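A.B. asks: Please find one structure pasted underneath; my questions will follow.
The values are calculated or read from the model by the stated rules, or taken from the named source; none is laboratory data. The structure displayed is predicted, hence computed values, not measured ones. Every residue, glycine as well, gets a Cβ built from its backbone with ideal geometry; the counts of neighbours run over all protein chains shown. Note: accessible area is taken over every heavy atom of the protein model, side chains too, but ligands, DNA and RNA are not part of it. Shrake-Rupley method; radii C 1.70, N 1.55, O 1.52, S 1.80 Å.
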Amino acid sequence: MRYLLLPIVIVLMLSLASCSRQSTGTKPTDIQIAETLIYNHQDSFYTNPQEAEQHLTRVLKQLSDTSARKRLQLFIGMERMFQGDTKGFQKNIDDVRQYCQSHPDDKSLSGLYWNDCGIANMLSGNRDSAITCFESANHDFVLAKDTARAGDVSINLAGLLRERGDMAWAARVLQQALVLLQGKSNRPATIRFAVLYMLGAVYSDMYSFNIADTYFKQAAQNIGDANLNDQYMFYNARGNRYFFDKKYTQAWNDFSESKKIAQQLNNPAFVAIAESNQGEILHNQGKNSQAMPLLLNAEQTIAKSGGGDPRSTAYLNDLIASVMAHNGDMSGARARFRSTDTSAIAKEPRYMMTHYERLADFHHLTGDNASAYNDLEQARLYESEFRNKLFGEQMADAQQRYQHDKKMLGQQAEIKQQKEHVSNLRLITIIVIVFALAVIALVLWSQRRKRQILRMKFQNQLTELSLENIRNRISPHFIMNVLGRELSLNNEGVQRLIKFIRQNLLLVRRSIIPLSEELDFVDTYVELERKALSTEFEYTMNVDPSVDTQSIDIPAMMIQVFVENAVKHGLRGQNGQIYLHIGVAANASKGITITIDNNGSDRQHSTDGTHTGLQVVLQTVELLNKYNSNPIQLVYGPQAGGVWHVAISIPSGYNYKPLNE
């Protein structure tokens, strides 16, 4: 069973893997949608095929791109073939063939068509036709620059070659596929996983267990990304490797894993293969009473699914006969051995060797030692033929790997020479760069030295000027102190003036101040100007209680400039009811919004002036906003009803670092 059924189920799995999932952009195309659906429904065709087909059929009607619709149609056809609906498969694949003939430039779809034709021929036993189809598929995929699917075809070809016994050739095809998949982005990981475990299976068949283990270990590292079909095949292949090496405990564990996955896939054929493998392990361990139910169940399942491959059927029949003999059912065993179709395995020396070994064991149990001796002689002849063929495959593979290694050594020698050449160029380049850096460093040092000398001269000049200024000026703080002593303490206006001048002197030295200080400064200024304004002047300052004016910073004079403009150019000289309203509130961006409103819009709009303060504010905001992704929003100008409105929105966490540097 393990020799021939495994390649067949590999092929079944690969028909589903032949459609690659494409990466999608912001708006996927119809082809990308179709292939993503195909990829996502691979396992569904085993677990719930009817629902999967209904879903894909609904999507098929919604796609406008004909090529995308044909891809879904082709996939549905393959699913029908796996479910035994050959007519449904043929109808779909004929329709796709006609489309490909009328659209020869669609190489990707043509490659899918030929790949599925190859699988259909493979399952029908038409190996030569299957190989021709796979070659056509590979040719079209290469033209379409579809490396992943070209890798899929290589897997199918290798499966055919392995089934035929051309192990070295199969290994070469798979190794070439590994090289082909390097650095590609079109779902290479899943395909590479299949290539790796198939290489492990091929080298297991050649009894090159160390090489097989290397590939199985690489595959095991990515088994979590594989679909259920691939996982089943991995455990089945590695279980065979352990069985051939008579490591039955490890083999049993892997076959148990493959059986669990087969049950998840709801695939009776896969379950039968796992049970037949487990049954053979139990037979080799002398546990024949436990082996018999597993083997009979596997035989019945295979018979229900169409009988299976004749060679595999003969192998399983001999195995059951051997178990019967060890269970004491000699008549049943004899009938089984007589019914074995040896013509189906006549060209398979490994099968014939196993057949005669089991027949010799049966004759020995019945006491017919002469027949047992003759059977053993026949078994040794086939064993010799098998070992010669195995040795030939091993030698062919060794020659292939030698040629590959020789080529690699030649390439490495050439690469080494190129590296030495590059190394010499790099050394020369480094010397030139070091010399250039030394020259640049010398020039920079010279320029820096000149700047230091100039700076020292400038600082000396500043020092002299500062000393001269100290000698010739009167301190503003001295003036404030004298005014405070000499003028009446009861004169509220004078006291406000003194406070205003002191605040102004302090603000001149600072670029960023707390909002509370700015508001206090503005309030002092307005009170000083109140007597110069109309007796009906109304002034309000409303601060939202949720705003912490002590912890919020703003550029110095930002509010004062707009308030001063409002008083000087808008309100001063007007009679009647005039007002100035200042508001501070929290905004949606977790920052604050400062509003300044007055009803001197007409005069304020028409008054000429230098606008120096406003220009400074605008330049300051423009500079700061360059360093902040969330900028200060500044809006000012006339509104309806003669109102001049200013709104300053400062976001939370605003960065004032440029003004502090």
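A.B. asks: Count charges around A303 for me, please; just the other residues with Cβ under 15 Å from its Cβ, Lys/Arg as +1, Asp/Glu as -1.
C.D. replies: Values: positive: K304, R336; negative: E275, E299, D309, D341.
Every neighbour counted, the sum reads -2.
A.B. asks: Viscosity 0.692 mPa s, temperature 37 °C: Stokes-Einstein D of the stretch 304-355 from its Kirkwood Cα radius, in µm² per second? Mind dumping the intermediate values first?
C.D. replies: Numbers: Rh = 11.3 Å.
In µm²/s, the coefficient is 291.
A.B. asks: Please work out the C-alpha center-to-center distance from the stretch 563-589 to the stretch 345-383 and express it in whole Å.
C.D. replies: Here the answer is 113 Å between Cα centres.
A.B. asks: For the stretch 70-93, list residues with backbone N below 15 Å from a point placed 7 Å from the Cα of H55 toward its Cβ?
C.D. replies: 76
A.B. asks: A follow-up question, please. Any idea how far apart Y636 and A303 come out in nm if each label point goes 7 Å out from Cα toward Cβ?
C.D. replies: With each label placed 7 Å out from Cα toward Cβ, I get 10.0 nm.
A.B. asks: Hey, can you grab everything whose amide H is under 5 Å from the amide H of F537? Only 5+ residues off in sequence or another chain; H modelled, so Pro and N-termini drop out.
C.D. replies: Here the answer is I578, since their amide H atoms fall under 5 Å of that of F537.
A.B. asks: Next question. Please state, rounded to one decimal and in Å, the Kirkwood hydrodynamic radius that the stretch 110-180 gives when every pair of distinct Cα atoms enters the mean of 1/r.
C.D. replies: Numbers: mean 1/r = 0.0851 Å⁻¹.
In the stretch 110-180 this quantity evaluates to 11.7 Å.
A.B. asks: Note down the net charge around G591, summing +1 for each Lys or Arg and -1 for each Asp or Glu among other residues with Cβ under 14 Å from its Cβ. Present the calculation step by step, with values, prior to reporting the outcome.
C.D. replies: Numbers: positive: K590; negative: D544, D548, D553.
Its environment carries a net charge of -2.
A.B. asks: For the stretch 98-256, take the convex hull of the Cα atoms, compute a quarter of its surface area, and give me that in nm², please.
C.D. replies: 9.7
A.B. asks: Please compute one quarter of the surface area of the Cα convex hull for the stretch 264-341 and express it in square nanometres. Provide the component values of the computation, followed by the final result.
C.D. replies: Working: hull surface 20.1 nm².
Seen from a random direction, the Cα hull of the stretch 264-341 projects 5.0 nm² on average.
A.B. asks: Regarding the stretch 268-410, what are the three Cα extents along the principal axes, ordered largest first, in Å?
C.D. replies: Sorted from largest, the Cα extents of the stretch 268-410 read 64, 41, 29 Å.
A.B. asks: Could I have the simple spin-label model distance between Q182 and H421, label points 7 Å from Cα toward Cβ, reported in nm to one decimal?
C.D. replies: Each label point lies 7 Å from its Cα, and together they span 2.1 nm.
A.B. asks: Which whole number of Å³ per residue matches the convex hull of the alpha-carbon atoms in the stretch 168-262? If you can, show how the numbers build up before the last one.
C.D. replies: Numbers: hull volume 8.1 nm³, N = 95.
Looking at the stretch 168-262, the number lands at 85 Å³ per residue.
A.B. asks: Show the residues, 5+ positions off or on another chain, whose built amide H is closer than 5 Å to the amide H of D106.
C.D. replies: none
A.B. asks: Oh, and also: List the trypsin sites (Lys or Arg not before Pro) in the stretch 105-195 that DSSP assigns to loop (not H, G, I, E or B) and whose Cβ has at most 12 other Cβ atoms within 10 Å. Which are they? Before the final figure, lay out each step's value.
C.D. replies: Values: sites: K107, R127, K145, R149, R162, R164, R172, K184, R192; in loops: K145, K184.
Hits after loop and neighbour filter: K145.
A.B. asks: Moving to a separate point now. Multiply the residue gap between W445 and T535 by 0.36 nm, knock off their C-alpha separation, and tell me the result in nm, one decimal place. Walk me through the intermediate numbers first.
C.D. replies: On the way: separation 90, 0.36 × 90 = 32.40 nm, distance 6.82 nm.
Contour length minus Cα-Cα distance gives 25.6 nm.
A.B. asks: For T66 and N266, what is the calculated FRET efficiency with R₀ set at 30 Å and r taken between the beta-carbons, to the nearest 0.05? Provide the component values of the computation, followed by the final result.
C.D. replies: Numbers: r = 33 Å, r/R0 = 1.11.
It comes out at approximately 0.35.
A.B. asks: Turning to a different aspect of this structure: Could you pull out the pairs from K61/K304; K61/K87; K287/K389 whose alpha carbons sit more than 30 Å apart here? Don't jump to the answer; show the numbers that get you there.
C.D. replies: Numbers: K61/K304 35 Å; K61/K87 21 Å; K287/K389 32 Å.
With Cα atoms farther than 30 Å apart: K61/K304; K287/K389.
A.B. asks: Using θ = phi - 60° and the Karplus relation 6.51 cos²θ - 1.76 cosθ + 1.60, list the HN-Hα couplings for the stretch 105-122 in order, rounded to whole Hz, with x at every Gly or Pro.
C.D. replies: So the J values, rounded to whole Hz, are 7, 7, 5, 5, 5, 4, x, 4, 4, 5, 5, 5, 4, x, 5, 4, 5, 4.
A.B. asks: Hey, if we sort L623, L228, L181 by accessible area with the 1.4 Å probe, largest down, what's the order?
C.D. replies: Ranked from most to least accessible, the order is L623, L228, L181.
A.B. asks: Based on the mean of other Cβ atoms within 10 Å per residue, sort peptides 569-578, 440-449, 82-91 so the most packed one is first. Could you put the intermediate results ahead of the total?
C.D. replies: Values: 569-578: 16.3, 440-449: 10.0, 82-91: 14.1.
So the order, starting with the most tightly packed, is 569-578, 82-91, 440-449.
A.B. asks: Further question: May I ask you to evaluate 6.51 cos²θ - 1.76 cosθ + 1.60, the Karplus curve with θ = phi - 60°, for each residue of the stretch 250-267 and list the ³J(HN,Hα) values in order in whole Hz, giving x for glycine and proline?
C.D. replies: Karplus-based 3J(HN,Hα) across the stretch 250-267 equals 5, 4, 4, 4, 5, 5, 5, 4, 5, 5, 4, 5, 4, 5, 5, 6, 6, 10 Hz.
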